[in-house]
Amino acid sequence: MEALDPLLTRLRAALPEAQVAIELNPAVPAQSSLVVDRDQAVTVARWLRDDPQLRLDYCSNVTGVDWLETTSTEKVRVRRVVDGAEQEVEESVERRQPGYLEVVYHLYSMALGHGPLVLRQRTRNRVDDTRVASLTPVWRSAEFQEREVFDLFGVRFAGHPDLRRILMWEEFEDYPMRKDYVEPDDYEHEPTPHDAVLVKARRH
Amino acid sequence: MDEGLRNELSKQGVFTTTLQELYNWGRRSSVWPLNFGLACCAIEMIAASMARFDIARFGAEVFRPSPRQADLMIVAGTVTKKMAPLVVRLFNQMPEPKYVIAMGACAISGGPFKQGYNVLKGIDRYVPVDIHIPGCPPRPEALLHALLKLQEKIAAQPLTGEHRPRHLSPDVPGEFPVPAYGPYDLQPAKNDDVWRPALVVRTDAG
Amino acid sequence: MGGTDQSYLFLLVMGVVAVLFCLTPLALARVWALLVSPAKPGDEKNAPYECGIRSVGEARVQFHSGYYLYGLVFLVFDVEALFLLPFAVAYTSLPVGAVVAMLIFLLLLVEGLVWAWRKGVLHWQ
């Protein structure tokens, strides 16, 4: 399969209004991915599926990621007046990155035998604007997996034909795979508690 | 009839028995399990019913597809919280006398998934379990052993008196409350008449 | 001995024994339930069996009459497969007459299907 950079160039030429970026993966597998804005996700997905060089006709996996709010401190050099004279000083700035939910699609081409291409969509935040576009109209195999992501992460897929819980029961109110999920307090005695269970055991 | 006279009679070729023994012999020799499996333990249960292990030797080969005809529920596998009400309802729909074997670590306690949000910490929270088989999954021999233990248990059940089993006492109910799906967990989280958490005594020593 | 009367009497005795043979276990079971093992019916227990899911409606449901027509048409294909299998196994060594006979048989079945089709059996109201 062609590299992501020329692919992105062609994609931008074909769909000038699409907001797509490359998310680099610095880890060993170096599997970088495309991050697509939710409003153009369906058109971009359709292009990926129908483009004769790509023909990504098979969505093998849909999964969710919960990114909590992070704060990072950065050292920035700024010019400032110190003791009457202007100087360049180093200052640490705290940067807050709001949390968001992410949906990751792994795309393959059965026709051309290549893949995977990793496609991501992000929600604006984790609380009230958790909407992304459903890609089920493009790849039918995404239907149940998107339902699972909705069930466990609470991502709302706009345009999904049947968005209901799939693993938990209908009356369930929480999203258990979110990082701030608090499970029901029904700890039971464990003879050899460790790690997270040890923390629970100490509380009881 | 005392034991000595009975022995003497059997030496002379006269077989004597009691109604209770006849009744229990009949029940324990044809324990028909309910045909259902929940997870990987069910594969071992299937293996136990096939030729190599042959559960038919102990009269339990007739796996019934309907609870109306079953005597034994082998809870073979992980009971998720979504599945738990269904399992309890199936048990309720079985006619008395009925027995439960909790097969494998998951059915006993939740097993490796015990601290998860979606797995019931043991089916004995809702139904009375007669035999627990440890293992993940237990070998078919372990299931056969459990069946033999259950047969011993049935053989020892008195027909009358204070210690008679549940199905012979008119005032003990044969149905168990089915838990409802709640917003965060099953409601109630356990049946207090059937199961109470183990009492853990903590000491500072040692 | 009045031969004919006697033989009818045997029949009567047989009938009585047969009825008793059926009724005795039932009566014994009833007596057993009364004396030792009480029946405990309940709402959950008597509900129609639906694999443990809360049951909806009655256990007795009426099937649409189209279902039976559908079943008959299915039977046509079922029988056809039954005859086609040995035919296919022995196909290479069969004389021409046998193959023609089989084709006629197939044609008859297809004719039946076409007839059912035109009658609208395959359309579910």
Can you find, within the stretch A:156-204, the residue that is least open to solvent (accessible area, probe 1.4 Å) among those that are modelled with pLDDT of 80 or more, over 27 Å from A:Glu69 (Cα atoms) and within 7 Å of chain B (Cβ to nearest Cβ)? A:Trp169
Among the residues of the stretch B:65-82, what is the count of those that are open to solvent by 10 Å² or more (accessible area, probe 1.4 Å), at the interface with another protein chain (Cβ under 8 Å from one of its Cβ atoms) and assigned to a loop (DSSP other than H, G, I, E, B)? 2
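Residues are listed down the side, and each one gets a yes or a no for (1) more than 14 Å from the chain's Cα centre (by Cα); (2) within 16 Å of A:Gln40 (Cα to Cα):
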position	(1), (2)
A:Val93	yes, no
A:Leu101	no, no
A:Tyr105	no, yes
A:Leu112	yes, no
A:Leu117	yes, no
A:Arg126	no, no
A:Val149	no, no
A:Arg164	yes, no
Taking the condition open to solvent by 50 Å² or more (accessible area, probe 1.4 Å) and either at pLDDT 95 or above or under 10 Å from A:Val62 (Cβ atoms) (or both), does A:Glu143 pass? no
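Restricting attention to the stretch A:43-81, which residues are of a type outside the set (A, V, I, L, M), outside any loop (DSSP other than H, G, I, E, B) and modelled with pLDDT under 90?
Listed by number, the residues that qualify are A:Thr70, A:Thr71, A:Ser72, A:Thr73, A:Glu74, A:Lys75, A:Arg77, A:Arg79, A:Arg80.
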Would you point out the residue of the stretch C:6-52, among those that are assigned to a loop (DSSP other than H, G, I, E, B) and among the hydroxyl-bearing types (Ser, Thr, Tyr), that is surrounded by the fewest Cβ atoms within 10 Å (Cβ to Cβ)? C:Tyr49
For the stretch B:1-44: of the residues being among the aliphatic types (A, V, I, L, M) and in contact with a Phe, Trp or Tyr (Cβ under 9 Å, 6 or more places away or on another chain), which is nearest to B:Arg139 (Cα to Cα)? B:Ala42
What single numbered condition from (1) over 11 Å from the mean Cα position of the chain (by Cα); (2) hydroxyl-bearing (Ser, Thr, Tyr); (3) over 14 Å from B:Cys40 (Cα atoms) fails to hold for B:Tyr99? (1)
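Here are some residues: A:Ala45, A:Ala41, A:Ala14. Which one is farther than 18 Å from A:Tyr108 by Cα and in contact (Cβ under 8 Å) with a residue 24 or more places away in the chain?
A:Ala14
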Among the listed residues C:Val99, C:Val79, which satisfies the condition of being within 30 Å of C:Trp124 (Cα to Cα), in a helix (DSSP H, G or I) and either open to solvent by less than 80 Å² (accessible area, probe 1.4 Å) or not assigned by TED's automatic domain parsing to the domain that holds C:Trp115 (or both)? C:Val79
Among the residues of the stretch B:159-206 satisfying the criterion of being within 11 Å of chain A (Cβ to nearest Cβ), in contact (Cβ under 8 Å) with a residue 40 or more places away in the chain and not in a loop (DSSP other than H, G, I, E, B), which is least open to solvent (accessible area, probe 1.4 Å)? B:Leu186
Does any residue of the stretch B:14-35 turn out to be charged (D, E, K, R) and assigned to a loop (DSSP other than H, G, I, E, B)? no
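The values are calculated or read from the model by the stated rules, or taken from the named source; none is laboratory data. Remember, it's a predicted structure, so these values are computed and weren't measured experimentally. We place every Cβ from the backbone using ideal geometry, glycine too, and count neighbours over all the protein chains shown. Side chains are part of the model used for accessible areas, which takes the heavy atoms of the whole protein and leaves out ligands, DNA and RNA. Shrake-Rupley method; radii C 1.70, N 1.55, O 1.52, S 1.80 Å.
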